[in-house]
1. Based on what the data block shows, is residue A:75 in contact (Cβ under 8 Å) with a residue 40 or more places away in the chain, more than 24 Å from residue A:118 (Cβ to Cβ), touching a Lys or Arg at 6+ places or on another chain (Cβ under 8 Å) and in a helix (DSSP H, G or I)?
2. Going through the range B:233-250 one residue at a time, which ones are assigned to a helix (DSSP H, G or I) and of a type outside the set (Gly, Ala, Ser)?
3. Which one is nearest to residue B:270 (Cα to Cα) among residues in the range B:47-92 that are more than 14 Å from chain A (Cβ to nearest Cβ) and of a type in the set (S, T, N, Q)?
4. Filter the range B:276-300 down to residues that are of a type in the set (Phe, Trp, Tyr) and away from chain A (no Cβ under 11 Å), then give me how many there are.
5. Mind checking which residues of the range A:280-301 are assigned to a helix (DSSP H, G or I), within 21 Å of the chain's Cα centre (by Cα) and more than 10 Å from chain B (Cβ to nearest Cβ)?
6. Determine if the range B:154-171 includes at least one residue that is surrounded by fewer than 18 Cβ atoms within 10 Å (Cβ to Cβ), of a type outside the set (A, V, I, L, M, F, W, C) and away from chain A (no Cβ under 14 Å).
7. Can you tell me which of B:135, B:172, B:114 is in a helix (DSSP H, G or I) and either under 19 Å from residue B:272 (Cβ atoms) or not hydroxyl-bearing (Ser, Thr, Tyr) (or both)?
8. Pick from B:312, B:303, B:298: which is modelled with pLDDT under 90 and small (Gly, Ala, Ser)?
Amino acid sequence: MDMTVSILLTIATAATPLLIAAIGELVVERSGVLNLGVEGMMVMGAVAGFGAGFLTGSPWIGLVAAIVVGALFSLLFAVMTLSLATNQVATGLSLTLLGLGLSGMMGTGFVGLPGERLPNLYIPVLTDLPVVGKLLFGQDPIFYISIALVFGVSWFLFKTRTGLTLRSIGDSHTSAHALGIQVIKYRYLAVMFGGACAGLAGGHLSLVYTPQWVENMTAGRGWIALALVVFSSWRPLRVLAGAYIFGAVWIGQLHAQAFGIPVPSQFLSSLPYLATIVVLVIISRNKRLTMMNTPASLGQAFVPDR
Amino acid sequence: MRLELVKRPQRSMLFSALSPFIAFALTVVAGAILFALLGINPLTAFYTYFISPITEVWQLHELAIKAAPLILIAVGLSVCFRSNIWNIGAEGQFVFGAIVGSVVPVLYPEMQGPFVLPLMLLMGMVGGAVYAAIPAFLKTRFNTNEILTSLMLVYVAQLFLDWLVRGPWRDPKGFNFPQTVQFNPSAVLPELMPMSGRANLGFVFALVAAVLVWILMSRMLKGFEIRVLGSSPRAGRFAGFSFNRMVFFAFMLSGALAGLAGISEVSGAIGQLQPSISPGYGFTAIIVAFLGRLNPLGIVAAGLVLGLTYLGGEAAQSVLGISDKVARVFQGMLLFFVLGCDTLIHYRIRLVGLAPAPKLDASPKLEEAN
């Protein structure tokens, strides 16, 4: 039983960064913007979180730094694609390339240093409950943020007027603009929300998952988060499911390596990436369904004509 | 204050030609600020980074070695990007091409003779093309997003290479180092001018590929087809061009060139397979393609510039004592500025006050449009 609980806990820890990054990107894409810079924003959040935590000795400051840096970094993308109407795919790629380079440069001095870890929640009695105690009341704070984000975003998108407006912008920015909605302003906010989430996801990696700084420590998780958004058909609750499936794959291959299964570790390590491809194939097969779900103006530049 | 874009009646030829240069100048300025923040004299840094790596002849050879794979890959990518196909897995195709091309020298080292090298190069190209055909197949058959699939395959290819050089392909006499046997002389790409430096035939491949693709894109029907389908798939369909065939063509051409770059790098600059054979050439080539304005001839120049950033990064590390990651920062900034400057080709940028712009200036704009 203890074994099961500990495996479930590690799955939750592996799923959390994917979940947060994906939920942020979901909001961005719902507003009609495709930001391929998730990996770059995440790795910037990771280095900022580690650095701030290490320098101040407080992982909480690290957490805030990760969020702020993620949001600021996404602002760069927002200015380029929204104010200068650059190609979103290319700009997102360059955000990732710049993020990987910048984080590597900023983190040179942090390599090999022990980092600060965010403490797990502890509520007397509740956390000590058998089995469910640790799962429900004994995880790291970002886990609870991630769950709150899923339901918060779901409520925001489908139950509030602002959420409806955001979705309408994603489906047709020209109509939204004609109705007098400030398309660019909404998109700025959405992109920065996505950046803050990606930063937080990166912070989770360097403040909880493995409290240290390793270059490129995101290891493609930002890209997997992007795939999760497609997998979820742009629905928050499905992102939750998808992130935990991927968390399970990620942990499963690690456990398989630890148990010494006679398969080369490299093949097991490539499983999450192969699983991403398989999942994308399954979900995209139905062309009409995909077209119905995709925000209609996703990835298109918008220049308001007065 | 905010920015406002005003569409130009037609694309500006001036900015079309100038934008790469403006972008490069802006990168240098931003770099100077970055160095100043790090407490390094920007002029010293500029000299170390951009001038010192190309002051001697052997250094020019090193530049050719770095630029060759960038140009080869970017030329292929330009075809993809022109056709609005986003192959960003060139790094994986590079690695896979290197692996397939190395089958002969690693597994059959006794095979020697003048036919070995052409065979390796051919196999490398086939390897890269086949690997690139996977995302093309998934896109055309299952409608899968090629950005994500081609990128995921990069990780898979790297892990596959890692397994090979640590496992079945490891040199038994290599003191357990994760590397294959050294390629025998007939499997090594010849150097161009061995008297003055290390530059090898790979640079010639890059130039030839650039010219051939330039001819293909600007002088042949296939290139026209690609450009039409890229700018308007609907118009392309009416003209009877097949979208799916074009996806395969673009992917496999760029994959073949990336594979050729991979096997050339391994057989020329490195001489054996090892866990890491590329400092991110496949990704940097994306920048090269855009800096070269997706034009094969522009890409040759852009490849030299980006090759220089690698050498500059190494020089900055050894002389100024800062991380060679600074090269990646430069590359990322450069792409940002290129994309930003490209906006100037299609739009005029205006600064407007916070208040909504008065209706008055609508009339002069109308005249401009006419």
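The values are calculated or read from the model by the stated rules, or taken from the named source; none is laboratory data. In this text the structure is predicted, and so the values were computed from the model without any measurement. Every residue, glycine as well, gets a Cβ built from its backbone with ideal geometry; the counts of neighbours run over all protein chains shown.
1. no
2. Listed by number, the residues that qualify are B:233, B:234, B:237, B:238, B:243, B:244, B:245, B:246, B:247, B:248, B:249.
3. Result: B:59.
4. Count: 1.
5. A:293
6. yes
7. Working: B:172 fails: in a helix (DSSP H, G or I); B:114 fails: in a helix (DSSP H, G or I).
Answer to the selection: B:135.
8. On the way: B:303 fails: modelled with pLDDT under 90; B:298 fails: modelled with pLDDT under 90.
One residue alone meets the criteria, B:312.
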